[in-house]
Amino acid sequence: MPKRILEGLVVSDKGDKTVVVKVERTIVHPLLKKIVRRSKKYHAHDESNAYKAGDVARIIECAPKSKLKTWEVLPKASA
């Protein structure tokens with residue numbers, strides 16, 4: 001089974017080797033038929049502490065690293 005990859009905004013980098021990524025998605029409301037935004041925060045492992053608050057990060061599923069961390073950030077693309 002392929003691992004999911006999500007993209008979102010880093011909202012916190014206060015933990016050591018940990019970032020909190022807010023991922024937004026859009027859905028169609030079942031009754032109102034309007035597009036609404038839903039968001040969820042994921043704790044992700046950042047081995048090199050490369051990401052800071054405000055950065056856009058891509059995260060991928062991984063085996064659990066702690067109670068909350070089951071995601072890893074993908075390395076920054078070198079520009």
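Nothing in this text is a laboratory measurement; each read-out follows from the coordinates by a stated rule. Quick caveat: nothing in here was measured; it's all calculated off a predicted structure. Every residue, glycine among them, receives a Cβ derived from its backbone with ideal geometry; neighbour counts consider all protein chains shown.
General remarks:
So that you can scan it fast, the table gives a plain yes or no per residue for (1) surrounded by 12 or more Cβ atoms within 10 Å (Cβ to Cβ); (2) hydrophobic (A, V, I, L, M, F, W, C); (3) within 13 Å of residue 12 (Cβ to Cβ):
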site: 29; (1), (2), (3): no, no, no
site: 33; (1), (2), (3): no, no, no
site: 60; (1), (2), (3): yes, yes, no
site: 64; (1), (2), (3): no, no, no
site: 68; (1), (2), (3): yes, yes, yes
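Okay, residues lined up against (1) assigned to a strand (DSSP E or B); (2) without any contact (Cβ under 8 Å) to a residue 24 or more places away in the chain:
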{"site": "8", "(1), (2)": "yes, no"}
{"site": "14", "(1), (2)": "no, yes"}
{"site": "20", "(1), (2)": "yes, no"}
{"site": "25", "(1), (2)": "yes, yes"}
{"site": "60", "(1), (2)": "yes, no"}
{"site": "65", "(1), (2)": "no, yes"}
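- The set of residues from the range 39-58 being closer than 11 Å to residue 11 by Cα and of a type in the set (D, E, K, R) comprises 41, 52, 55.
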